[in-house]
Amino acid sequence: MTEHTGASSGSIDRSRIVTVPNALSVLRLALIPVFVWLLLAEEADGWALAILVVSGASDWLDGKLARLLDQSSRLGELLDPAADRLYVVIIPLAFGFREILPWWLIGVILARDVLLFATAPLLRSRGHLALPTLYIGKAATFALMSAFPWLLAGQLDSVVGTVAYPIGWAFLIWGVGMYLWTFLLYWYQTILVVLAPRIA
């Protein structure tokens with residue numbers, strides 16, 4: 001798409017920085033240390049849960065607003081997945097320290113991202129920056145991001161906690177399963193790219 005070059009042009013300026021979706025992504029990033037402080041230092045599970053709910057809502061909202069307001073941008077395409085990756089790394093670690101999740105499962109989640117990161121040099125050696133995003137990968141991230149607030153709500157000593165805990169584990173098992181499946185798919189695609197003959 002052609003970048004916006006004048007006030008009269010109807011094209012979208014994808015180089016924009018100050019947009020509503022980008023502000024929401026920055027908010028999500030800023031809330032990460034707040035969440036960690038509330039969960040680990042204060043053990044204020046209710047407030048930490050509120051952070052996760054707000055973050056999840058803003059994650060959905062920034063994509064929606066980017067389309068409705070025609071405010072898609074290159075920066076937004078970096079900020080949104082970066083926030084997702086940080087949440088998928090930091091929340092399990094925080095849950096591990098609070099003994100909400102077992103460390104072996106946290107290791108599985110983190111190892112998947114580390115091993116996928118290892119595909120980057122292989123792709124660059126063949127002239128690729130990244131592989132196309134798989135829909136199942138988005139579904140896996142959605143399931144994991146949905147599992148975290150349910151699991152945290154499951155720590156509440158109430159009927160809400162009793163109901164929320166198994167729901168959280170259901171989302172988590174679903175998400176981790178798809179997470180590992182996308183890992184295999186991405187590595188398979190990486191191998192195909194590496195083995196493909198170079199085009200002169």
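No lab work stands behind these numbers, since they all come straight from the coordinates. Keep in mind it's a predicted model, so treat the numbers as computed, not measured. Here the Cβ positions follow ideal geometry from the backbone for every residue, glycine too, while neighbour counts run over all protein chains shown.
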Say we join alpha carbon atoms closer than 10 Å with springs in a Gaussian network model of the chain; which of Ala50, Ala130, Ala164 then has the biggest fluctuation? Ala130
Quick one: if you take sqrt(5λ) for each eigenvalue of the C-alpha gyration tensor of the chain, what semi-axes come out, biggest first, whole angstrom? 32, 25, 13
Helix 20-36 sits at what angle to the longest principal axis of the chain, using alpha carbons and giving 0 to 90 degrees rounded to 10? 40
Can you give me the angle between helix 159-195 and the longest principal axis of the chain, using Cα atoms only, in degrees from 0 to 90, rounded to the nearest 10? 30
Whole angstrom only: what separates the Cα centroid of segment 127-200 from the Cα centroid of segment 52-91? 16
Name the residue from Gly154, Val114, Pro132 whose Cα lies farthest towards the positive end of the charge dipole of segment 75-200, charges +1 on Cβ of Lys and Arg and -1 on Cβ of Asp and Glu. Pro132
Within 14 Å, Cβ to Cβ, of Arg85, how many net charges do the neighbouring residues add up to if Lys/Arg are +1 and Asp/Glu are -1? -2
